[in-house]
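Q: Have a look at the structure that comes next, please.
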Amino acid sequence: MNGARICVVGAGRMGEGIALAFVHAGLEVTLIDIKPRSAAQQASYFAEVICHLRSELASLVRLEVLQAHQAEQAMGRLRLCDREHSAADLEATPLVLEAVPEVLEVKAATFAWLSAACASDSIIASTTSTFLVTELAALVSHPERFVNAHWLNPALLMPLVEVSRSPATSPAVVERLMSLLKRIGKVAVQCAPAAGYIVPRIQALAMNEAARMVEEGVASAEDIDTAIRVGFGLRFSVLGLLEFIDWGGGDILYYASHYLAGAIDPRFLPPKVIAEHMAQGRNGLREGQGFYDYREVDLDAYKLERLATFTQRLELMGLAPRFNGALEGP
């Protein structure tokens, strides 16, 4: 995909963010607006889009993570066009990312158009957060080139992209897409075509539980959010959830979950895999196996590396413990 122009179809907020991610990384992008508009409406809308994009980049300049001339250079890589003037770019692009509204009829019409407009070996990637790749693959000709790439907002800054394939998707297509995402600085993970993907599924549970605690009077919204920022979120920015289970021990989670299920609600019961790991002697670090295999790992070096990352996070947030801090005054 070297030197090739990427096409993003759908000039809404997500389309804008994805386009910014690519132009910021040095690639040429055509951002295509598919909504029918008069010439005057189109000009006005594109002016709004340019204003949004410049505003996003200006924020990075103010934060001193981007220089003004770099922002202009990035904008120079972007071409805006409507559907009627996109044929040449679509025919030549190696990758088109669909970011149209989450309405099945709109997506079906868009994929029918893209199937005819793009080369048969062009990757067509949806960015849907609603539909499964298996639902949409049938709407695309040559479904072996179809994949889903779920971005998190803000697309320019968030590193994660969740990639899912259908049974028909070619492994080579997934590899090409993952490679390109890595090239622009993204961290791509693969997940099965399952509702909620990875992050939205986990965060929906966590957000609902936080709202329930407010509802039940467990703590204030402010205190819950503080606890998440400096406790939950801080730890899990260093250790993944499953890695954290291994650190503490799957058996600890098992017993704690049963207690919470009895004290609060059965929704806290652990999944079967936790009990299965216990039965197999796979409780985590202390037994050398859990969700990960630690038998060939230098545990002291591994723990020190994670601790180093954690202390860096604390320093960045101004939360690192101060030696003799109690003697220095508030």
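Q: Roughly how many nanometres apart are two label points built 7 Å out from the Cα toward the Cβ at Leu319 and Phe236?
A: According to this spin-label approximation, the distance is 1.4 nm.
Q: Have a look at the range 199-318 and give its Rg and Dmax from the Cα atoms, expressed in angstrom.
A: For the range 199-318, the Cα-based Rg and Dmax read 16.2, 47 Å.
Q: Place a +1 charge on the Cβ of each Lys and Arg in the chain and a -1 charge on the Cβ of each Asp and Glu, then give the dipole magnitude about the Cα centre in debye, rounded to the nearest 20.
A: Working: 29 positive and 38 negative charges, 78 e Å.
Around 380 debye, computed over the chain.
Q: Rounded to the nearest 500 deg cm²/dmol, what is the calculated helix-only ellipticity per residue at 222 nm for the chain, with -39500 (n - 2.57) per DSSP H run of length n ≥ 4?
A: Values: 14 runs with 159 residues, N = 330.
Value at 222 nm, helices only, nearest 500: -14500 deg cm²/dmol.
Q: In straight Cα distance, which lysines are under 20 Å from Lys107, not counting same-chain residues fewer than 8 positions off?
A: Hits, sequence-local ones excluded: Lys35.
Q: Now, a different point. When the dipole is taken about the Cα centre of the range 108-207, and only Lys, Arg (+1) and Asp, Glu (-1) are charged at their Cβ, what size is it in debye, to the nearest 20?
A: That gives the range 108-207 a dipole magnitude of about 240 debye.
Q: Follow-up question, since we're still on this one. Rank Cys7, Ala119, Ala204 by how far each Cα sits towards the positive end of the charge dipole of the chain (+1 on Lys, Arg Cβ; -1 on Asp, Glu Cβ) and give me just the farthest.
A: The residue sitting farthest along the positive end of the dipole is Ala119.
Q: What is the local net charge at Ala108, summed over the other residues whose Cβ is closer than 15 Å to its Cβ (Lys, Arg +1; Asp, Glu -1)? Walk me through the numbers on the way to the answer.
A: Numbers: positive: Lys107; negative: Glu98, Glu102, Glu105, Glu135.
Net of charged neighbours comes to -3.
Q: With the convex hull built on the Cα atoms of the range 111-239, state its orientation-averaged projected area in nm². Please report the intermediate quantities before stating the final value.
A: Values: hull surface 38.3 nm².
So the Cα hull casts an average projection of 9.6 nm².
Q: In percent, what relative contact order does the range 19-102 have, based on Cα pairs under 8 Å that are 6 or more apart in sequence?
A: Numbers: 58 pairs, mean separation 37.7, N = 84.
Answer for the range 19-102 is 45 percent.
Q: Once you wrap a convex hull around the alpha carbon atoms of the chain, what is its projected area averaged over all directions, in nm²?
A: The number I arrive at for the chain is 22.6 nm².
Q: Place the peptides 261-268, 122-129 in order of packing, highest mean first, counting for every residue the other Cβ atoms within 10 Å and averaging per peptide. Can you show the working numbers first?
A: Details: 261-268: 11.4, 122-129: 23.5.
Highest-to-lowest ranking by the protection proxy: 122-129, 261-268.
Q: Compute the Rg/Rh shape ratio of the range 6-190: radius of gyration over Kirkwood radius, all on alpha-carbon atoms. Walk me through the intermediate numbers first.
A: Details: Rg = 15.7 Å, Rh = 16.5 Å.
Looking at the range 6-190, the ratio lands at 0.95.
Q: Further question on the same structure: Using Cα atoms only, what is the angle between the long axis of helix 104-117 and the major principal axis of the chain, expressed in degrees (0 to 90) to the nearest 10?
A: Computed tilt is about 60 degrees.
Q: Okay, next question. What percent does the relative contact order of the range 6-190 come to when contacts are Cα pairs within less than 8 Å and at least six residues apart?
A: Values: 298 pairs, mean separation 39.0, N = 185.
With pairs under 8 Å counted, the relative contact order is 21 percent.
Q: What ranking, highest mean first, results for peptides 62-68, 219-225 when packing means the other Cβ atoms within 10 Å averaged over each residue?
A: On the way: 62-68: 10.3, 219-225: 12.3.
The densest-packed peptide leads the list: 219-225, 62-68.
Q: Using all C-alpha to C-alpha distances in the range 1-53, build P(r) with 10 Å bins and read off the rounded percent in each one.
A: In order of increasing distance, the bins hold 24, 52, 21, 3 percent.
Q: Moving on to the next point. Compare the Cα positions of Ala195, Ala149, Ala301 along the charge dipole of the chain (+1 at Cβ of Lys, Arg; -1 at Cβ of Asp, Glu; about the Cα centre) and return the one farthest towards the positive end.
A: Toward the positive end, the furthest listed residue is Ala149.
Q: Work through the residues other than Ile274 whose Cβ is under 12 Å from its Cβ and net out their charges, Lys, Arg +1 and Asp, Glu -1. Walk me through the numbers on the way to the answer.
A: Values: positive: Lys272, Arg282; negative: Asp246, Asp251, Glu276.
For residues surrounding Ile274, the net value is -1.
Q: Now a separate question. Which peptide among 244-255, 21-32 comes first, and what is the full order, when sorted by highest mean count of other Cβ atoms within 10 Å? Spell out each step's value before the answer.
A: On the way: 244-255: 17.8, 21-32: 22.1.
The peptides rank, most packed first, as 21-32, 244-255.
Just so you know, all these numbers are worked out from the coordinates, no wet-lab data involved. As the structure is a prediction and not an experimental result, all values here were calculated from the model. Heads up, the Cβs are rebuilt from the backbone with ideal geometry, glycines too, and the neighbour counts pull from every protein chain shown.
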